[in-house]
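**Student:** For reference, the structure I am asking about is given below.
The values are calculated or read from the model by the stated rules, or taken from the named source; none is laboratory data. Since the structure is predicted, the reported quantities are computational estimates derived from the model, not experimental observations. Neighbour counts run over all protein chains shown; Cβ positions are idealised from the backbone, glycine included. Protein only, heavy atoms only, side chains kept; ligands, DNA and RNA dropped before computing areas. Shrake-Rupley method; radii C 1.70, N 1.55, O 1.52, S 1.80 Å.
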Amino acid sequence: MNNSSYQIIETSDGSSTIFVNDLDEHYHSTHGAIQEAKHVFLKNGLERKSHLNEISIFEVGFGTGLNAFLTSISSSTTTIKYDSLELFPLNMELIESLNYASLFNIDEQKMFLELHKAEWDNSILITPNFQLKKINQSIFDHNFLINHYDIIYFDAFGPRAQPEMWAINVFEKMYSTLKNGGFLVTYCAKGQVKRDLKAVGFDVVSLPGPPGKREMTQAWKV
Ligand SMILES: C[S@@+](CC[C@H](N)C(=O)[O-])C[C@H]1O[C@@H](n2cnc3c(N)ncnc32)[C@H](O)[C@@H]1O
């Protein structure tokens with residue numbers, strides 16, 4: 001997609017997101033991009049594994065890097081290994097038009113840019129306890145490690161825009177790449193998605209969503 005397909009807009013908490021014209025879909029909730037990321041992926045994601053010394057995370061959709069950024073600045077003691085899959089990396093011009101870094105302190109601003117400048121398809125130590133591997137590949141081509149991750153941040157575009165990302169064959173891959181006791185977390189609470197996650201073997205938990213959304217979903221491999 002070229003830049004004319006994308007429009008930067010401001011969400012209700014003052015943080016930006018991107019609207020994709022071709023998909024008629026936003027990268028984040030218009031009720032607050034940062035608020036949503038913190039609620040779904042940090043509070044109901046990362047924090048559920050904060051007792052571990054090392055946490056391995058797989059993200060579906062690196063996109064603006066917002067989830068990776070918030071995760072990287074959230075912890076100073078736990079070691080995080082963060083693998084993030086992205087088929088359509090955004091260009092730097094667009095990234096620099098987002099206001100995330102400006103809402104944080106100077107060190108955190110540098111961190112945001114470092115995550116974006118990090119080479120693709122290589123594990124890069126961004127800080128002593130945050131290792132990032134951005135993988136430029138489709139979820140349908142990626143060779144998933146088995147029983148490897150503690151958490152999956154499932155942050156694909158919604159089922160209306162990209163139904164193929166929410167299909168049983170994808171959920172089977174997610175299940176097998178998680179460790180026993182690991183879980184997938186997503187903003188989506190659609191009934192069919194929850195039924196399909198259950199069909200694959202997940203224990204599905206519905207939780208209150210971020211502002212503007214009634215529910216969100218955790219799916220545990222037990
Ligand atoms: C909701 S957006 C990502 C949001 C991102 N986590 C963020 O905070 O900006 C979904 C992402 O999935 C990516 N994507 C779409 N199809 C994909 C595919 N087949 N494989 C991997 N990534 C894909 C899109 O390019 C987009 O960046």
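**Student:** Is there a residue being within 15 Å of the ligand (Cβ to nearest atom) and basic (K, R) anywhere in the range 179-189?
**Tutor:** No - not one qualifying residue is present in the range 179-189.
**Student:** Here's a check for you: in the range 90-103, which residue that is open to solvent by 30 Å² or more (accessible area, probe 1.4 Å) and under 25 Å from H142 (Cα atoms) is nearest to the ligand (Cβ to nearest atom)?
**Tutor:** As a first pass, look at the range 90-103 and keep what is open to solvent by 30 Å² or more (accessible area, probe 1.4 Å): 91-93, 96-97, 99, 102-103.
Next cut, under 25 Å from H142 (Cα atoms) only: 91-92.
Numbers: N91: 12, M92: 15 Å.
Top of the filtered list is N91.
**Student:** Okay, moving on. Here are some conditions: (1) at negative phi; (2) open to solvent by 20 Å² or more (accessible area, probe 1.4 Å). D24 meets all but one. Which one does it not meet?
**Tutor:** Going through the list (1) at negative phi; (2) open to solvent by 20 Å² or more (accessible area, probe 1.4 Å), D24 breaks only (1).
**Student:** OK, next. For K133, indicate whether it is open to solvent by 20 Å² or more (accessible area, probe 1.4 Å), touching a Ser or Thr at 6+ places or on another chain (Cβ under 6 Å) and in contact (Cβ under 8 Å) with a residue 40 or more places away in the chain.
**Tutor:** Numbers: open to solvent by 20 Å² or more (accessible area, probe 1.4 Å): yes; touching a Ser or Thr at 6+ places or on another chain (Cβ under 6 Å): yes; in contact (Cβ under 8 Å) with a residue 40 or more places away in the chain: yes.
Answer is yes for this residue.
**Student:** Here's something else I'd like to know. Collect the residues in the range 27-61 that are in contact with a Pro (Cβ under 7 Å, 6 or more places away or on another chain) and open to solvent by 30 Å² or more (accessible area, probe 1.4 Å), keeping them in residue-number order.
**Tutor:** We begin by selecting, within the range 27-61, every residue in contact with a Pro (Cβ under 7 Å, 6 or more places away or on another chain); these are 29, 31-32, 35-36, 39-40.
Selection gives H31, Q35, H39.
**Student:** Next question. Go through the residues of the range 209-220 one by one and say whether even a single one is under 23 Å from N147 (Cβ atoms), aromatic (F, W, Y) and in contact with a Lys or Arg (Cβ under 9 Å, 6 or more places away or on another chain). Before you say what the answer is, go through the steps one by one.
**Tutor:** If we filter the range 209-220 for residues that are under 23 Å from N147 (Cβ atoms), which is where we start, we get 217-220.
This time we only want the ones that are aromatic (F, W, Y), so: 220.
Narrowing the set further to residues that are in contact with a Lys or Arg (Cβ under 9 Å, 6 or more places away or on another chain) leaves none.
No, the range 209-220 has no match at all.
**Student:** Before we move on, is Q131 away from the ligand (no atom under 13 Å from the Cβ) and outside any helix (DSSP H, G or I)?
**Tutor:** yes
**Student:** Tell me which residues, restricted to the range 104-123, are open to solvent by 50 Å² or more (accessible area, probe 1.4 Å) and not in a helix (DSSP H, G or I). Spell out the reasoning first.
**Tutor:** Here is the first cut: in the range 104-123, the ones open to solvent by 50 Å² or more (accessible area, probe 1.4 Å) are 105-107, 109-110, 113-114, 117, 119-123.
Result: N105, E119, W120, D121, N122, S123.
**Student:** Taking T11 and the conditions (1) out of contact with any strand residue (DSSP E or B) (no Cβ under 9 Å at 6 or more places or on another chain); (2) farther than 25 Å from H142 by Cα, which numbered condition does it fall short on, given that it satisfies the others?
**Tutor:** In the conditions (1) out of contact with any strand residue (DSSP E or B) (no Cβ under 9 Å at 6 or more places or on another chain); (2) farther than 25 Å from H142 by Cα, T11 misses (1) alone.
**Student:** Taking the range 140-177, which residues are aromatic (F, W, Y), in contact with a Phe, Trp or Tyr (Cβ under 8 Å, 6 or more places away or on another chain) and part of a helix (DSSP H, G or I)?
**Tutor:** Hits for the range 140-177 are F171, Y175.
**Student:** Let me ask another. Being more than 20 Å from F171 (Cα to Cα), open to solvent by 50 Å² or more (accessible area, probe 1.4 Å), among the aliphatic types (A, V, I, L, M) and outside any strand (DSSP E or B), is that true of even one residue in the range 82-89? Spell out the reasoning first.
**Tutor:** First, pick out the residues of the range 82-89 that are more than 20 Å from F171 (Cα to Cα): 88-89.
Filter once more, keeping what is open to solvent by 50 Å² or more (accessible area, probe 1.4 Å): 88-89.
The next check asks that each one be among the aliphatic types (A, V, I, L, M); those that pass are none.
Within the range 82-89, not a single residue is more than 20 Å from F171 (Cα to Cα), open to solvent by 50 Å² or more (accessible area, probe 1.4 Å), among the aliphatic types (A, V, I, L, M) and outside any strand (DSSP E or B).
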